[in-house]
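Participant: Provided herewith is a single structure, encoded as structure tokens, for subsequent inquiry.
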Amino acid sequence: MISFVRVFIVLAAVVMAGSAQADPSVWKRIWPNTDFEKHSVDYDTILWGGVPKDGIRSIENPKFFPASQVTDLTPTDPVIGVIINGEAKAYPLSVLTRHEIANDMVGGVPVAVTYCPLCNSAVVFDRRVSGRVLEFGVSGNLRNSDMVMYDRQTESWWQQFLGEGIVGEMTGTTLKTIPSRLESFANFKTRAANGRVMDARGYGTNPYAYYDTRNVPYGFFRGPWPNGIEPMVHVVVVEGEAWSLPLLASAGKLTHKDLVFTWTEGQNSALDSSRISEGRDVGNVIVKRKSDGKDVTYDVTFAFVYHAFHPDGVIHKE
């Protein structure tokens, strides 16, 4: 697995040169079951990420331990916390930086817990589509530096950041997102004392060391850059708009219409130090509705990613 991840970086120069575009005439050999006649994006916007289909292997039927018994995570280690129908599970980013997708069941709901390290995008999807349950894997392709997933039932390609089918039978279909929190392990345990945590034994290193403090992303992204904000600044994306993390950290609590944002310290970046538990503190974000107090789906990503998928979108910076 480590060697595959390193290939991403080694081949960045090739991708920048434009010689690694996804070409249906070539990809049909690898994807014989994908309907390349159906697509909603230009093929020249899809780049090969340097790994083959399933070269980064998704997780199926993950193993869990009670949170109270986990010793492989520090209190500030980042996890994706999911609570559905009273069942609480945490998915450490130390594992997902290596595997990117975990197919699982939470509270009787089939979910795909996804994390794109190149975008710092953590999104949980309901895997049920039109009466069937899909299983997702990593295609090895990227678009706007974001992971292109695929489902093993139709081999359609999906944009992870949007949860939208972009190539194949499922083109135009959008997955339902499930509210989750990118939070510290300590915060997860506080709100879910009986929660369980995906096995993180043997993990803990960051294959994308110091990516979080680069001036620009790796060469898988071709721009354009956002205006008025540095490309690698973290932003919190909610319902098509974005708020800079520095703004939220400065405010501590911020209200916008029916949304209430809170920021507290105490969570390591998964993409900073070579040891995730030593990464810089990026804090914890929670987004709720003021009207009912319920969690709202959000994504903590980079400004360049938000701008790529929402070129006319608003980034609140002050």
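Since every read-out is calculated from the coordinates, none of them should be taken as a lab result. If you're wondering where the values come from, they're calculated on a predicted model, not measured in any experiment. Don't worry about glycine lacking a Cβ; one is built from the backbone with ideal geometry, like all the others, and counts go over all protein chains shown.
Participant: Expressed as a rounded percentage, what relative contact order does region 153-221 have, with Cα pairs under 8 Å and six or more residues apart?
Facilitator: 15
Participant: Remind me, what semi-axes does region 203-316 give for its equivalent ellipsoid, largest first in whole Å, using sqrt of 5 times each Cα gyration tensor eigenvalue?
Facilitator: Semi-axes, largest first: 24, 19, 11 Å.
Participant: Using 0.36 nm times the number of residues separating ASN33 and PHE64, minus their current alpha carbon distance, what extension gain do you get?
Facilitator: Extra length available between ASN33 and PHE64 comes to 7.8 nm.
Participant: With a sphere of radius 13 Å drawn around the Cβ of THR255, what net charge do the other residues whose Cβ falls strictly inside it have (Lys, Arg +1; Asp, Glu -1)?
Facilitator: Neighbourhood net charge equals +4.
Participant: Based on DSSP H runs of at least 4 residues, each adding -39500 (n - 2.57), what is the mean residue ellipticity at 222 nm of the chain after dividing by all its residues, to the nearest 500 deg cm²/dmol?
Facilitator: -3500 deg cm²/dmol
Participant: Restrict the search to region 58-138; then list the trypsin sites (Lys or Arg not before Pro) that DSSP places in a loop and that have at most 13 other Cβ atoms within 10 Å of their Cβ.
Facilitator: Those that pass, being in a loop and sparsely packed, are LYS63.
Participant: Continuing with the same structure: Pairs of Cα atoms under 8 Å, at least six residues apart: use those to get the relative contact order of the chain, whole percent.
Facilitator: Value for the chain: 19 percent.
Participant: I'd like the FRET efficiency for ASP44 and GLU135, computed as 1/(1 + (r/R0)^6) with the beta carbon distance as r and R0 of 35 Å, rounded to 0.05.
Facilitator: Step by step, r from the Cβ atoms, then E = 0.75.
Participant: Once phi is turned into θ = phi - 60°, what whole-Hz ³J(HN,Hα) does the Karplus curve with 6.51, -1.76 and 1.60 give for every residue of region 283-300, x standing for Gly and Pro?
Facilitator: x, 10, 10, 10, 10, 10, 8, 5, 5, 10, x, 8, 5, 10, 4, 9, 9, 9
Participant: Counting other C-beta atoms within 10 Å, which of SER180, SER68 has the fewest, and how do the rest follow?
Facilitator: Fewest-to-most Cβ neighbours within 10 Å comes out as SER68, SER180.
Participant: Treating only the Cβ atoms of Lys and Arg (+1) and Asp and Glu (-1) as charged, compute the dipole magnitude of region 24-81 about its Cα centre; round to the nearest 20 debye.
Facilitator: 220
Participant: Same structure, new question: Could you tell me the relative contact order of region 203-316? Use alpha-carbon pairs under 8 Å, at least six residues apart, and round to a whole percent.
Facilitator: Reported relative contact order: 34 percent.
Participant: Taking the Cα-to-Cβ direction at HIS256 and at ASN85 and moving 7 Å from each Cα, how far apart do the two end points lie in nm?
Facilitator: Taking the simple label geometry, HIS256 and ASN85 are separated by 3.3 nm.
Participant: Arranged by the count of other C-beta atoms within 10 angstrom, fewest first, what order do ILE30, ILE80 take?
Facilitator: Taking fewest neighbouring Cβ atoms as first place, the list is ILE30, ILE80.
Participant: A further question follows. With springs only between Cα atoms under 10 Å apart, run a GNM on the chain and tell me which of TRP48, TRP31, TRP158 wobbles the most.
Facilitator: Ranking TRP48, TRP31, TRP158 by mean-square fluctuation puts TRP31 first.
Participant: As a test of the definition: which semi-axes, in Å, follow for the chain when you take the square root of five times each eigenvalue of its alpha carbon gyration tensor? Largest first, please.
Facilitator: Each semi-axis is the square root of five times an eigenvalue, giving 28, 22, 20 Å.
Participant: Calculated FRET efficiency, ASP54 and ARG201, Cβ-Cβ r, R0 25 Å, to nearest 0.05?
Facilitator: With a Förster radius of 25 Å, E is 0.65.
Participant: Among the lysines, which have Cα under 20 Å from the Cα of LYS89 when same-chain residues fewer than 8 positions away are ignored?
Facilitator: Within the straight-line limit of under 20 Å, LYS89 reaches these lysines: LYS63, LYS176, LYS189, LYS288, LYS294.
Participant: I'd like to know which of TYR43, ALA67, ALA308 lies farthest towards the positive end of the charge dipole of the chain, counting +1 on Cβ of Lys and Arg and -1 on Cβ of Asp and Glu.
Facilitator: Of the candidates, ALA67 comes out farthest on the positive side.
Participant: Let me ask another. Give me Rg over Rh for region 2-167, both radii from the alpha carbons and Rh done the Kirkwood way, two decimal places.
Facilitator: 0.98
Participant: Under a point spin-label approximation (7 Å from Cα along Cα-to-Cβ), what is the MET105-THR213 distance to one decimal in nm?
Facilitator: 4.4
Participant: For the charge dipole of the chain, defined by +1 on Lys and Arg C-beta atoms and -1 on Asp and Glu C-beta atoms about the Cα centroid, which residue among GLY266, VAL79, ALA192 has the Cα displaced farthest towards the positive pole?
Facilitator: Checked the options; the winner is ALA192.
Participant: Let me ask something else. Between SER25 and ARG275, what is the label-point separation in nm under the 7 Å Cα-to-beta-carbon projection?
Facilitator: With each label placed 7 Å out from Cα toward Cβ, I get 5.2 nm.
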